[in-house]
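S.K.: This structure is in structure tokens; I'll ask about it shortly.
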Amino acid sequence: MSKQPTAAWPYLLQLDHTGKEPLYLQLYHALRQAILSRQLSAGTQLPPTRVLATELAVSRTTVITAFEQLVTEGYLEAHVGAGTFVASTLPEEMLQVHAQQAPPQEGKKPPRLSQRVQQVMHSPLRPPVQALSAKAFQPGLPALDAFPFDVWSRIAARRYHHPPPELLTYGDPTGYRPLRDALAQYLTASRAVRCQPEQVLIVSGAQQAIDLIARVLLNEGDMVWVEDPGYPRAHTILLGAGIRVVSIPLDQEGLNVEAGKRLSERAHLAYVTPSHQYPLGVTMSLARRLALLDWAQRVGAWILEDDYDSEFRYCGHPLASLQGLDTHGRVIYMGSFSKVLFPALRLGYLVLPLELVEPFIAMRALYGHTSPLLEQAIVADFIMEGHFLRHIRRMRTLYAHRQQILIEAIRQELHGVIELEKHEAGMHLIGWLLQGLDDRLVSQLAARQGIDVRALSACSKQEFKSSGLLLGYAGVNEQEIREGIKHLAKVVEAIV
């Protein structure tokens, strides 16, 4: 294990004590960059938190907070009684992350676009570039009962009272510019996404985003990696576009990149949920993230990063995005307001590599042109006036509480039948069914009782040793959780 001289730390980790960014975040970014640029090599031991706090003239809490986040994300390893070290499993040949995207190389071939978008861009007719019900335990449903509709109503009334003419037209197909500005700022600060407003494209939800990506980047018969188990709608949308979907298995580190190479080395795109895998909740390790980026760069593939619920992390801070590690412009970042605000908005967004912006605008202008502008303006105001971040902070506390209520209810009513463990992130848990129960049968019978529990097997092409149920807890209050589990217990009792 190597050690960095103590005197070198203040020079390596320069902090701005008068800056606006919190010191713990400055330290986190400085250490992360030092690791990725190999200034700190694998196995390097960091000073004790008290020593480093003294050397940097910060509180020990600042150092501990930064260390904990880096340990969570896999950059550091903490060994009880021995200290904290730079992770030893990082593939050093990949650790070259720079502050900006690598400049375009001379003679670089243009991106491979689908025949559909090429026809649109060269067509003389090309446009100018200018419910599900809320019940237990629907996955992905936010706490509608805790949404600040009073604040939302005031903003909406202000916007609808005297809307400017530009909000009543077809608008810019890229989306409302102030919303794109707000998103670029938010994603840079909270998710370590590297982007400018020009790279942000507003879409009508994640489904439209996936369809748009298929239309722009894929031809019929192209192969795409998807996680197995994974998000069923993504799988179906790709199949509907004539894409050959290749199911890639998971393990505790996330998508198995080596398995993907064996199954389809020359796939054109990989769809992943690295921060909180849907539905299992696994976080993709740093080594896997770098391996995935290396594969995409080497074969010229794209990566679609679906960051569907990363705001809701109850221990530490949200994990940094995969896109933030991408130095070659191979990652398309996707997010949605359905889970952080409410699904009826039908608003989402893509962060695109610069070379893909023009073709995506061309296809977006043709299909739907733009999402409703007044709603985009309301969301922009909601973000810029500070309500968005306050709402997320409140929901983190509320969802952590509701998760605990769900766990307690399962233990009381279904002990020995469903195994459920606390998780540090997300809006649902997997209830593993014991005693050989069929999750599809349980799901079907529960639906007849007004209980929405999704079968895990419906998300996968492979067979699991244990079947399971997706139990969403975010959108149901304490009473509804307890009553719902009692109804579920009656359903299970009738089968056992």
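S.K.: Name the shape class, rounded, prolate or oblate, that the alpha-carbon gyration tensor gives for the stretch 226-319, where a ≥ b ≥ c are the square roots of its eigenvalues, rounded holds for a/c under 1.5, and otherwise prolate holds if a/b is larger than b/c and oblate otherwise. Mind showing how you got there, number by number?
M.R.: Numbers: a/c = 1.90, a/b = 1.33, b/c = 1.43.
It comes out oblate by the Cα gyration axes.
S.K.: Roughly how far apart, in whole Å, are the Cα centres of the stretch 233-282 and the stretch 143-157?
M.R.: 37 Å
S.K.: Still on this structure: Does the stretch 344-451 classify as rounded, prolate or oblate by the C-alpha gyration tensor (a ≥ b ≥ c root eigenvalues; a/c under 1.5 gives rounded; else a/b over b/c gives prolate, otherwise oblate)?
M.R.: Details: a/c = 2.81, a/b = 1.88, b/c = 1.49.
Here the stretch 344-451 falls in the prolate category.
S.K.: Taking the Cβ of C315 as the center, what net charge do the other residues with Cβ under 9 Å away carry, scoring Lys and Arg +1 and Asp and Glu -1?
M.R.: Details: positive: R313; negative: E68, E424.
For residues surrounding C315, the net value is -1.
S.K.: 5 Å is the cut-off here: which amide hydrogens, built 1.01 Å from N in the peptide plane, fall below it relative to G468, excluding neighbours closer than 5 in sequence?
M.R.: When sequence neighbours closer than 5 places are left aside, the close amide H contacts are L433, D439, L456, S457.
S.K.: I would also like to ask the following. I'd like the distance between the alpha-carbon centres of the stretch 28-66 and the stretch 446-473, rounded to an integer number of Å.
M.R.: Distance between centres, Cα-based: 43 Å.
S.K.: For the stretch 483-496, in order, what is each residue's ³J(HN,Hα) by Karplus, 6.51 cos²θ - 1.76 cosθ + 1.60 with θ = phi - 60°, in whole Hz (x at glycine and Pro)?
M.R.: Result, rounded to whole Hz: 5, x, 5, 5, 5, 5, 4, 5, 4, 5, 4, 6, 8, 5.
S.K.: Then there is this: How much of the DSSP bridge set in the chain is antiparallel, in percent, rounded to the nearest 5?
M.R.: DSSP beta bridges in the chain are roughly 60 percent antiparallel.
S.K.: Considering amide H positions built from the backbone, and no H for Pro or chain starts, which residues 5 or more places from A136, or on another chain, come under 5 Å of its amide H?
M.R.: D452
S.K.: With a/c under 1.5 counting as rounded, go ahead and sort the stretch 6-93 into rounded, prolate or oblate using the C-alpha gyration tensor (a ≥ b ≥ c being the square roots of the eigenvalues; past the cut-off, prolate if a/b is larger than b/c, else oblate). Please list the in-between numbers first.
M.R.: Values: a/c = 1.64, a/b = 1.38, b/c = 1.19.
The shape class here is prolate.
S.K.: Apply the Karplus curve 6.51 cos²θ - 1.76 cosθ + 1.60, θ = phi - 60°, to the phi angles in the stretch 49-66 and return the couplings in whole Hz, x for Gly and Pro.
M.R.: 4, 5, 5, 5, 4, 5, 4, 9, 6, 10, 6, 5, 4, 4, 5, 4, 4, 5
S.K.: Which listed residue (S247, Q138, H369) has the Cα farthest towards the positive end of the charge dipole for the chain, taking +1 on Lys and Arg C-beta and -1 on Asp and Glu C-beta about the Cα centre?
M.R.: Selected residue: H369.
S.K.: Also: Counting DSSP beta bridges with both partners in the stretch 162-386, what percentage is antiparallel, nearest 5? Spell out each step's value before the answer.
M.R.: On the way: 10 of 27 bridges.
About 35 percent, rounded to the nearest 5.
S.K.: Roughly how big is the stretch 162-386's charge dipole about its Cα centre, with Cβ charges of +1 (Lys, Arg) and -1 (Asp, Glu), in debye to the nearest 20?
M.R.: Working: 18 positive and 25 negative charges, 61 e Å.
So the magnitude is around 300 debye.
S.K.: What number, rounded to the nearest 500 deg cm²/dmol, is the helix-based mean residue ellipticity at 222 nm of the chain, given -39500 (n - 2.57) per DSSP H run of at least four residues and division by all its residues? List each step's numbers first, then the result.
M.R.: Details: 16 runs with 195 residues, N = 496.
So the calculated ellipticity at 222 nm is -12500 deg cm²/dmol.
S.K.: Using each residue's phi in the stretch 418-431, evaluate 6.51 cos²θ - 1.76 cosθ + 1.60 at θ = phi - 60° and report the 3J(HN,Hα) Karplus result to the nearest Hz, with x for Gly and Pro.
M.R.: 10, 9, 9, 10, 4, 10, 8, 7, x, 10, 8, 10, 8, x
S.K.: Let's test this: bin the Cα-Cα distances of the chain at 10 Å from zero up to the farthest pair and state each bin's percent.
M.R.: Binned Cα distances yield the sequence 4, 18, 27, 27, 18, 6, 1, 0.
S.K.: How compact and how long is the stretch 389-495, expressed as Rg and Dmax of its alpha-carbon atoms in Å?
M.R.: Just the Cα atoms of the stretch 389-495 yield Rg and Dmax of 13.8, 45 Å.
S.K.: Here's another thing I want to ask about it. Name the residues of the stretch 30-45 whose amide N is less than 15 Å from a point 7 angstrom out from the Cα of S88 along the C-beta direction?
M.R.: 41-45
Bear in mind these aren't lab numbers, they're just calculated from the coordinates by the rules spelled out. Everything numeric here is computed off the predicted structure, so don't read it as measured data. A quick note on method: Cβ atoms are made from the backbone with ideal geometry, for glycine too, and the neighbour counts reach across all protein chains shown.
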